[in-house]
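Every number here is computed from the coordinates shown, using simple stated rules; none is lab data. As the structure is a computational prediction, the values presented were derived from the model and not from experiment. A quick note on method: Cβ atoms are made from the backbone with ideal geometry, for glycine too, and the neighbour counts reach across all protein chains shown.
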């Protein structure tokens, strides 16, 4: 494996951006969730919200980036230290998902309009954590998976049959590359040794042992 390649083979992100509002002791906590893939994109969203909600007292943020979640940032934006950004980040980082993956490529911004009643440090921690957790409850999430792409040479007369039978067996068939005298069928599978061995066994049966698989690139895909 390339040393620059992610260790993770799957994670979960947002299907689309979302917004949810909570009122706690007359303070409004408006949580925006965005799918982002870079710090630059995250900071563009934050800057835009500061302009949209220019009259809000706080714009607290947290984001996690990358399949391996190596980039994690948070900001209290004027709230007492540790009472906003870190609880928000924890709500993202520790979210338990039914598919067993973890959240990444996600930005949370909580815009707070102060309602005149102080919440105290403990109250702020609970409020910001709840704001993000509740927003996630209402968001639509999307799993992503790293696929390893294999190519299978085939005669023109066999390529369509291979495509159909591989699809019927549950494999992701990418667009076939048609050449002058033959075709290359492209197959995407989860990037694990077990999945590769299963594919080799299936192709051996499909081609009566004549098929020669070649592993090529890896690619992250949304599992829609």
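Just the number: Rg to Rh for region 5-93, Cα atoms, Kirkwood Rh, two decimals. Taking Rh as the inverse mean 1/r over Cα pairs, Rg/Rh reads 0.98.
For region 145-222, the Stokes-Einstein estimate of translational diffusion at 37 °C and a viscosity of 0.692 mPa s comes to 263 µm²/s, using the Kirkwood hydrodynamic radius over alpha-carbon pairs. Taking R0 as 22 Å, what FRET efficiency do you get between residue 182 and residue 219 from their Cβ-Cβ distance, rounded to the nearest 0.05? Efficiency computed from Cβ-Cβ geometry: 0.40. Taking Rg/Rh (Cα atoms, Kirkwood Rh) as the quantity of interest, determine which of [x] 1.16; [y] 1.04; [z] 1.12 was computed from the displayed structure. So the calculated entry is the one marked [x]. Here r is the Cβ-Cβ distance between residue 137 and residue 205 and R0 is 41 Å; the resulting FRET efficiency, rounded to 0.05, is 0.35.
In this simple spin-label approximation, residue 114 and residue 51 carry label points 7 Å from Cα along the Cα→Cβ vector, and these lie 2.6 nm apart.
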